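Student: Got a structure for you, questions after.
The values are calculated or read from the model by the stated rules, or taken from the named source; none is laboratory data. Since we're looking at a predicted model, the values are computed, not measured. Because the Cβ atoms are built from the backbone with ideal geometry, glycine has one as well, and the counts that use them run over all protein chains shown. Accessible surface areas use protein heavy atoms only, side chains included; no ligands, DNA or RNA. Shrake-Rupley method; radii C 1.70, N 1.55, O 1.52, S 1.80 Å.
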Amino acid sequence: MEFREVIYTKDQQVATITLNRPAKLNAYSEVMVHEILTALADARDDDNVRAVILTGAGRGFCSGGDIA
């Protein structure tokens, strides 16, 4: 799956999910919810992954739900 609003990477035994809407302070959107769930499912199903890091791009982790 190609992600539009998150960046998903795996390095050795660590999967990193980065919320990637810095212009909106990473406000949660419906697209982002589905992408996060897809990335988490991939990490869960990968026997090599031992940890998941959830972070945000830019100056804020997440400003909450996008109500726009």
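Student: Going through LYS24, LYS10 one at a time, which residue ends up being out of contact with any Phe, Trp or Tyr (no Cβ under 9 Å at 6 or more places or on another chain), under 16 Å from ALA68 (Cβ atoms) and open to solvent by 50 Å² or more (accessible area, probe 1.4 Å)?
Tutor: Numbers: LYS10 fails: under 16 Å from ALA68 (Cβ atoms).
None of the other options fit; the residue is LYS24.
Student: For the range 31-62, name all the residues that are among the aliphatic types (A, V, I, L, M) and touching a residue at least 24 places away in the same chain (Cβ under 8 Å).
Tutor: VAL31, MET32, ILE36, ALA39, ALA43, VAL49, ALA51, VAL52, ILE53, LEU54, ALA57
Student: Output the number of the condition that VAL49 fails; it satisfies all remaining conditions of (1) open to solvent by less than 30 Å² (accessible area, probe 1.4 Å); (2) within 12 Å of the chain's Cα centre (by Cα).
Tutor: All conditions pass for VAL49, except number (2).
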